[in-house]
Amino acid sequence: MYWKYPQLLNLIEFRSIESVTRVYINNTNLLIGYVIESTTGLLTDKTLCIHKFSENYLNNNHLQKLLQQHKNNTCIIDCYSESWGEKKVIIGRKILTEWVNEFLTEEKANKPIIIENNLDLRVRINLMIR
């Protein structure tokens, strides 16, 4: 269900970012990942990349819906996911963050959207405005 380390490397190496949506846990204001719209050739799709993960997040209905929307294109960079050892987690988080930050330094404006939740955890998503 979740991507392995080599699939993340292929995403970063062969695609260019079109837009980034930041995913936050609202009550902590913690950035946990991104929804990245990327292109290779004529193909454009969205990938959910979560780089800070806790199994408690799986109790969040809105995060479950987000995972379901991107079930074929989801990368959870954590030892929770198959094939992610500690070293791969450290390297994967670093290269993902650098790739996204390189795109975001091009002075892109963000507009936040708040998604309410039935639990104490809330997910806030910032959408990239073109």
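Can you tell me which residue within the stretch 9-37, out of those that are among the β-branched types (Val, Ile, Thr) and over 12 Å from the mean Cα position of the chain (by Cα), is nearest to GLU98 (Cα to Cα)?
ILE12
Does LYS71 satisfy being touching a residue at least 24 places away in the same chain (Cβ under 8 Å) and surrounded by fewer than 19 Cβ atoms within 10 Å (Cβ to Cβ)?
yes
Inspect the stretch 86-102 for any residue being modelled with pLDDT under 90, of a type outside the set (A, V, I, L, M) and surrounded by 13 or more Cβ atoms within 10 Å (Cβ to Cβ) and give the result as yes or no.
no
Could you check, for the stretch 43-56, whether at least one of its residues is exposed (fewer than 15 other Cβ atoms within 10 Å of the Cβ), over 15 Å from the mean Cα position of the chain (by Cα), of a type in the set (S, T, N, Q) and in a helix (DSSP H, G or I)?
Yes: the stretch 43-56 contains one or more residues that are exposed (fewer than 15 other Cβ atoms within 10 Å of the Cβ), over 15 Å from the mean Cα position of the chain (by Cα), of a type in the set (S, T, N, Q) and in a helix (DSSP H, G or I).
Within the stretch 2-25, is there a residue that is assigned to a loop (DSSP other than H, G, I, E, B), at pLDDT 85 or above, of a type in the set (Lys, Arg) and within 18 Å of SER81 (Cα to Cα)?
Yes, because at least one residue in the stretch 2-25 is assigned to a loop (DSSP other than H, G, I, E, B), at pLDDT 85 or above, of a type in the set (Lys, Arg) and within 18 Å of SER81 (Cα to Cα).
Pairs only if they're at least six apart or on different chains, beta carbon under 7 angstrom, first in the stretch 1-14 and in contact (Cβ under 8 Å) with a residue 40 or more places away in the chain and more than 13 Å from ILE95 (Cβ to Cβ), second polar (S, T, N, Q) and in a loop (DSSP other than H, G, I, E, B); list them, first residue then second.
TYR2/SER81; LYS4/SER83
Hey, any hits in the stretch 31-41 for a residue that's outside any strand (DSSP E or B) and surrounded by 18 or more Cβ atoms within 10 Å (Cβ to Cβ)? Don't jump to the end; show me each part of the working.
Quick first cut of the stretch 31-41, residues outside any strand (DSSP E or B) only: 41.
Those still in the list that are surrounded by 18 or more Cβ atoms within 10 Å (Cβ to Cβ) too: none.
No, the stretch 31-41 has no match at all.
The values are calculated or read from the model by the stated rules, or taken from the named source; none is laboratory data. Since we're looking at a predicted model, the values are computed, not measured. We place every Cβ from the backbone using ideal geometry, glycine too, and count neighbours over all the protein chains shown.
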